[in-house]
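Participant: Got a structure for you, questions after.
The values are calculated or read from the model by the stated rules, or taken from the named source; none is laboratory data. What you see is a predicted model, and the numbers here were worked out from it, not measured in a lab. Methodologically, a virtual Cβ is constructed for each residue, glycine included, from the backbone with ideal geometry; neighbour enumeration extends over all protein chains shown.
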Amino acid sequence: MKKNLEKFLAVTLSVSLLAVLPSCGTTASDSTSVSGQASEVTDSSTSLVDDTQSTSEAVGAYIQESMSDNMPDTYTRFYDLRVSQDGKVQLVGMNTSGKIQLLQQEASDWTVLAECDVPANATSYLSMSEDGTLWAIIQDDEGQYSLCTGTDSNALDAVQVDALSQSEALPVELRVNNDGTVFMVIQVGESTVFVVVNSSTQQVTTITPGFYGSPVFYSDGAVYAFIAGSTNLNTFDAENGNMLQQYQLAISSPLARACAATVKDNTLTWSDSDGIHQIALGGSIQQTFADNRSFALASSDFIQQQLVIDSEGSYWISGTNASGQAVVYRYRFDPTATTSADNELVVWAMEDSFLLREALNEYAAAHPEQTVTVEYGSDSLDGGMTTDDVIRTLNVEIFAGEGPDVLVLDGLPVESYISQGVLADLSSIDTSGCYDNIVNCYQDDTGRWALPLLFRPCIMYCQSEENASKLSAAKSLTDLQDLLCVKNDFHYDGYYNLFSELYPSASASIFAQGAQSVNEDALREFLTVTKAVVDAQNITEEYDPLFGDGEDTVSGDDGQHLAVDIPVSMNWYGRSQDPADCAAGSPSDYLLTYIYMVSETQTVPALVCPMPGNVFVPVLTMGVLESSEQKESGIEFIQTMLGCETEEVAGRGSFNGYFVRQGIQLAKASQKNDASTGTPTPAELDLDSVMEQLTTPANTSTSLRELVYEEAAKLYTGSQDLETTLANILQRANLYYAEQS
């Protein structure tokens, strides 16, 4: 069932996230957890698993230790983390009494080396030297910043730093290094300024390199800075500000802002939610370790601040947890720890998602005895494979009995899998409190074969009673054609946007659930209507020429248009002040739907209803392979994912769909938009009653969507007539069905 390394490379499925959990251990909140051995990642982002992991039990693993459990106090913030010249780990933090303390780790205990009060008007940027000297950025009553230092927090001396005195100056970082230098990062307008202060002489060196991103750090007399939005790393001499070297790192994407990083022995080390990573400066091999999904690193609740490497090669990472407390963890390799390769749960997804990560963390914390591996099909696209190639490779593995255990079915031929008995029955999953019409959309008399955890409703809404009458009477896409063709009602920035808005609802008829052939009448209607709109609206571009591939916005006073997957009011800032009268689409998020529907008019729309066909788009649709040796674990994993649909998770940001758990997002939206604002409340929209009318899932096969779009685009541009387009789609779709049978 599980693929060994040779098989893995043969099918060229890349793995960007290899989460290895222990056979014995504890959760991230405990003092110690176990992680599997390091994996290497080549510059094509393929994770290579150590050969020892192919055995039933691998010896040696990274463990997590909470080093803040035995501190002399509880701390609300850590300002600085470093390793002293003699190899001792030091922390500067603020305790619950409001005191600034310099702590040093001695064996298993922490010692307070120095303590002082917080200076008046101090910002959150301060630290302390090993001799107890305080360094702080102060902001006066007029908003002016200055760097101050001294041993008495009530009588600090100012150090002249020109960058701080500029009118647009905004300090973003201050650290005291183990060589006694003070390092600051200051944003001045659009430029990033680095300042290094010699603590003995108070000599100031200013480096103004331009526009740099995060992370930025100082190490061994040099400043390291990433060019914003790139993997290019520049180094500067801290004494004179001259550039030392530029590196083009062989990593797949820029480092995330929410990561910690350092350089030691010419090796860049950084940590993020996927673990700890290393790459030699100038090298091409990336190593990843400490990637246990039960570790604090994997949790979105843990905000990372700094990373240091101690004299024994262990990794210390400071940050704050969900309760706002300052915490620090040590990650070290334990040669006696073991991980089991026999109890592995493999999850496959084409793309990463926030809800999937939340479930991985929660499931891993509850099952430290099990190894969880996540494979992302999209990683193979960087290696020259197409989406169809990735899906075909996956299908070969599945039908050979060597596929993953759990599948995120988005973009995959889910209906083909169901008809061929590939998927296991998910009827045992508790879906109480969910939209029954959504979670049961892939259910028949014999079982529930797939379970969407999110969905996007294909809905229409309008403000006028006249249009409400027209929309409510529409039974087909043809009934909407006249409204869609009126220039002053709708505007499209490209035919890609038009296609993307109308295809989801039409796909349910074109490729009907359970059918093994194309509904030619439905396909003809879709092509005829969309071509009529293209001609009436004089659409000549595939995308908005100002915003490029797939972007969607409005311009000037053209007024209303359909936006991709969201209601039109998303683009209220670019339109004339007259409210749009009619909108349709597939909204991406419950809260956004509410905001955009009422943001301009401050009233409840005259009509909110499903588009013809009562179609919705299943999103994050989960399935378990019938052939899986971890079938029960896979079902439990999906139950865990469903359990992650909470108000707390809903408040962390927007999602690519509505939760299937009814009322959760409504409750969260209602907290932020109550009756006191004078705006209609989310409950007044009564979206739940609209959701309950949805009956039919859209066809979510990426292959079918792409083949229809490729041919339709030729029709829209006039290079192909309707009958030829229709014939080509029928031929290609029938071939697709033949391949799936």
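Participant: Among the candidates R392, R357, which residue alone is within 22 Å of R661 (Cα to Cα) and among the charged types (D, E, K, R)?
Facilitator: R357
Participant: Taking region 274-294 as the search range and keeping residues that are surrounded by fewer than 16 Cβ atoms within 10 Å (Cβ to Cβ) and aliphatic (A, V, I, L, M), which one is nearest to P368 (Cα to Cα)?
Facilitator: Checked region 274-294; the qualifying residue nearest to P368 (Cα to Cα) is I285.
Participant: Any idea which residue in region 615-668 is surrounded by the fewest Cβ atoms within 10 Å (Cβ to Cβ), counting only those that are within 20 Å of C458 (Cβ to Cβ) and in contact with a Lys or Arg (Cβ under 9 Å, 6 or more places away or on another chain)?
Facilitator: So the residue we want is N656.
Participant: Filter region 685-729 down to the residues that are more than 30 Å from T603 (Cα to Cα) and either part of a loop (DSSP other than H, G, I, E, B) or not assigned by TED's automatic domain parsing to the domain that holds V608 (or both) and list them by number.
Facilitator: Residues satisfying the conditions are A698, N699, T700, T717, G718, S719, Q720, D721.
Participant: Right, here's the next one. Among V439, V374, V396, which is the only one that is loosely packed, with under 15 Cβ neighbours inside 10 Å and in contact (Cβ under 8 Å) with a residue 24 or more places away in the chain?
Facilitator: The match here is V396.
Participant: Which is of a type in the set (G, A, S), under 25 Å from K531 (Cα atoms) and surrounded by 17 or more Cβ atoms within 10 Å (Cβ to Cβ), of A468, A450?
Facilitator: The unique qualifying residue is A468.
Participant: Does A61 satisfy the criteria of being among the hydrophobic types (A, V, I, L, M, F, W, C), without any contact (Cβ under 8 Å) to a residue 24 or more places away in the chain and part of a strand (DSSP E or B)?
Facilitator: No: the conditions fail for A61.
Participant: Within region 604-641, which residues are on the phi < 0 side of the Ramachandran plot and touching a Cys at 6+ places or on another chain (Cβ under 8 Å)?
Facilitator: Within region 604-641, P605, A606, L607, P610, M611, V615, F616, V617, P618 meet the criteria.
Participant: Examine region 124-141 for a residue that is among the hydroxyl-bearing types (S, T, Y), within 32 Å of the chain's Cα centre (by Cα) and in the same structural domain as F236 (by TED's automatic domain parsing), and state whether such a residue exists.
Facilitator: The answer is yes; a qualifying residue exists.
Participant: Keeping to region 380-408, report how many residues are assigned to a loop (DSSP other than H, G, I, E, B) and either aliphatic (A, V, I, L, M) or closer than 29 Å to S633 by Cβ (or both).
Facilitator: Here is the first cut: in region 380-408, the ones assigned to a loop (DSSP other than H, G, I, E, B) are 384-386, 400-405.
Within this subset, residues satisfying the condition of being either aliphatic (A, V, I, L, M) or closer than 29 Å to S633 by Cβ (or both) are 385, 400-405.
Adding up the residues that qualify gives 7.
Participant: What tally of residues in region 151-206 results from selecting those that are over 32 Å from the mean Cα position of the chain (by Cα), assigned to a strand (DSSP E or B) and surrounded by 17 or more Cβ atoms within 10 Å (Cβ to Cβ)?
Facilitator: Residues meeting the conditions: 9.
Participant: Name every residue in region 631-651 that is closer than 12 Å to I664 by Cα, among the charged types (D, E, K, R) and outside any loop (DSSP other than H, G, I, E, B), in order of residue number.
Facilitator: Hits for region 631-651 are E647, E648.
Participant: Mind listing just one residue for me: the one in region 237-290 that is touching a helix residue (DSSP H, G or I) at 6+ places or on another chain (Cβ under 8 Å), in a loop (DSSP other than H, G, I, E, B) and not polar (S, T, N, Q) and, of those, farthest from V83 (Cα to Cα)?
Facilitator: We begin by selecting, within region 237-290, every residue touching a helix residue (DSSP H, G or I) at 6+ places or on another chain (Cβ under 8 Å); these are 252, 271-276, 290.
Subsequent filtering for residues that are in a loop (DSSP other than H, G, I, E, B) retains 252, 273-274, 290.
Pick out the ones that are also not polar (S, T, N, Q) and you get 274, 290.
Details: D274: 24, A290: 21 Å.
The qualifying residue farthest from V83 (Cα to Cα) is D274.
Participant: When you look at Y218, is it surrounded by fewer than 21 Cβ atoms within 10 Å (Cβ to Cβ) and either of a type in the set (F, W, Y) or farther than 21 Å from Q160 by Cα (or both), yes or no?
Facilitator: So Y218 does not fit the description; no.
Participant: Another question, if that's okay. Which residues, counting only those in region 265-306, are within 22 Å of the chain's Cα centre (by Cα) and of a type in the set (A, V, I, L, M, F, W, C)? Working first, answer last.
Facilitator: Let us first name the residues in region 265-306 that are within 22 Å of the chain's Cα centre (by Cα), namely 269-278, 286-306.
Answer for region 265-306, where residues must be within 22 Å of the chain's Cα centre (by Cα) and of a type in the set (A, V, I, L, M, F, W, C): W270, I276, F289, A290, F295, A296, L297, A298, F302, I303.
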